Ligand code: DC
């Protein structure tokens, strides 16, 4: 008997499009597993800093990504996930802007992407997986049952990030956030390997001016349609 692989909903899109929030909500709603693939690139960037590996040392970064000592552990209420790198909790540390920007740089290195492939695919477990990233529908899970490409204008994404940082009590400059997002989008879209691009069979959902609840309802509706 051929073993049936668990179903996948792939949600790709640029930074700040809301895909992290939506993916988590969809995974909770369906009681499925969740892969935050961006966290893996962030972990490589943080580990590179800890071990003083320069961001242009492709071989060193590839080896590091292949030996990454990470653990994702759900909190008791299942509401969030704690992330550990080499035994140290780094859930907040990997969310810093600097780590995000460095993650976008290490993500251009083919050896890093190759090293993280098997690790990402291991998240595919019953009853299903919601995978959040840039290349979930194109490279990591090209056979996903549903592929969503979630976008929003750069202005709106910068505003959202600004609000998020303010709520956390972190001071931020809206113009600087806007420019960083544009740069990060450019790097993610133009890199040679697994660039940020909608899969030909992905459904594009624009979240500009739309509430999280509305996007969530749209995605759940698309999933119901895909099951028919
Ligand atoms: O989604 P995020 O902001 O946590 O991702 C951080 C960086 O990692 C992002 O700039 C691009 C990269 N990334 C990637 O190249 N491929 C993925 N599947 C996920 C993230």
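Among the listed residues 115, 144, 131, 126, which satisfies the condition of being over 16 Å from residue 38 (Cβ atoms), touching a residue at least 40 places away in the same chain (Cβ under 8 Å) and crowded, with 19+ Cβ neighbours inside 10 Å? From the options 115, 144, 131, 126, the qualifying one is 144. Considering the stretch 22-35, and only residues there that are crowded, with 16+ Cβ neighbours inside 10 Å and part of a helix (DSSP H, G or I), the residue that is nearest to the ligand (Cβ to nearest atom) turns out to be 23.
The single condition among (1) over 19 Å from residue 25 (Cα atoms); (2) assigned to a helix (DSSP H, G or I); (3) more than 21 Å from the chain's Cα centre (by Cα) that residue 184 does not satisfy is (3).
Filtering the stretch 181-205 down to residues that are surrounded by fewer than 15 Cβ atoms within 10 Å (Cβ to Cβ) and modelled with pLDDT of 95 or more, which residue is nearest to residue 162 (Cα to Cα)? Full working, then the answer.
To start, the set of residues in the stretch 181-205 that are surrounded by fewer than 15 Cβ atoms within 10 Å (Cβ to Cβ) comprises 182-183, 186, 189-190, 192-193, 200-201, 204.
Next cut, modelled with pLDDT of 95 or more only: 200-201, 204.
On the way: 200: 32, 201: 32, 204: 25 Å.
Among residues in the stretch 181-205 that are surrounded by fewer than 15 Cβ atoms within 10 Å (Cβ to Cβ) and modelled with pLDDT of 95 or more, the one nearest to residue 162 (Cα to Cα) is 204.
Residue under question is residue 61, and the condition is that it be more than 17 Å from residue 135 (Cα to Cα), surrounded by 22 or more Cβ atoms within 10 Å (Cβ to Cβ) and out of contact with any strand residue (DSSP E or B) (no Cβ under 9 Å at 6 or more places or on another chain); does it hold? Judged against the criteria, residue 61 is a match.
The values are calculated or read from the model by the stated rules, or taken from the named source; none is laboratory data. These numbers come from a predicted model, not from an experiment. Cβ sites come from the backbone with ideal geometry, for glycine too, and all protein chains shown count toward neighbours.
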